[in-house]
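Working notes, beginning with the structure itself.
Derivation of every value follows stated rules applied to the coordinates shown; laboratory data play no part. In this text, all values refer to a predicted model and were calculated from it rather than measured experimentally. Note that each Cβ is placed from the backbone with ideal geometry, even for glycine, and that neighbours are counted across all protein chains shown.
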């Protein structure tokens, strides 16, 4: 089998979603175990809980990239985006080495989908594969109607992601800038934190805008330049 991720039609993994581009902060243990699971070592079931913007999708897609590097087959399924499809798309996934289910709470209350994921869990367990699941809340808090599904999702290790402190957010932005060959002064990073939400997806999207503008205008990421770019977008 090919080691390339198998994805639903129209879906692609973000190339930037790698473990080395995720700043773990207080989540180092969770990230380490996800890396091991993606590589075929350690836990066979990991559930990652955390509010929006904490990098759950990044981590699951990073796991698929890592699996490919280890010649393991994988798939990434964002369930929120797949509800209009029948859960028959889950059939035969147990033949893969790694299955990543994102936004799992999106199926809560849908009996057909809940049973589909429950059956997938059992097939993956029998086949010896690895299952990584992410949701905003822990399994017993996610509103599933099928008690057996709640039970199965709790069989593995559950990690609740912790938010990054401001210093860690700044360090993460600086690391992203360095990867683009840019320098992000600390006062500029502080300015961005004061003006925008502290969740990394928002800040990274903002940084991508600033990166493009700085390349076009050949300007450094100073506060006046950043402010001018942001003002032009409003």
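Fully extending the segment from residue 88 to residue 178 would add 28.0 nm, taking 0.36 nm per residue of separation and subtracting the current Cα-Cα distance. Over the chain, dividing the summed -39,500 (n - 2.57) contributions of all DSSP H runs of at least 4 residues by the number of residues returns a 222 nm mean residue ellipticity of -13500 deg cm²/dmol. Strictly greater than 23 Å: what percent of every Cα pair in the chain meets that? Counting pairs separated by more than 23 Å, the tail of P(r) holds 52 percent. Build a GNM of the chain with springs between Cα atoms under 10 Å apart, and of 37, 205, 105 the one that fluctuates most is 205.
Each part gets one Cα centre, and for segment 163-230 versus segment 47-65 those centres are 22 Å apart. 7 Å from Cα along Cα→Cβ at both residue 138 and residue 216: what's the point-to-point distance in nm? With each label placed 7 Å out from Cα toward Cβ, I get 4.8 nm.
For the chain, the relative contact order works out to 22 percent when only alpha carbon pairs closer than 8 Å and six or more residues apart are counted. Mean-square fluctuations from a GNM of the chain, with a 10 angstrom spring cutoff on Cα atoms, peak among 153, 98, 83 at 83. With a simple spin-label model that places each label point 7 Å from the Cα along the Cα-to-Cβ direction, the separation between residue 171 and residue 151 comes to 4.3 nm. The distance linking segment 11-36 with segment 95-159 is 20 Å (Cα centroid to Cα centroid, whole angstrom).
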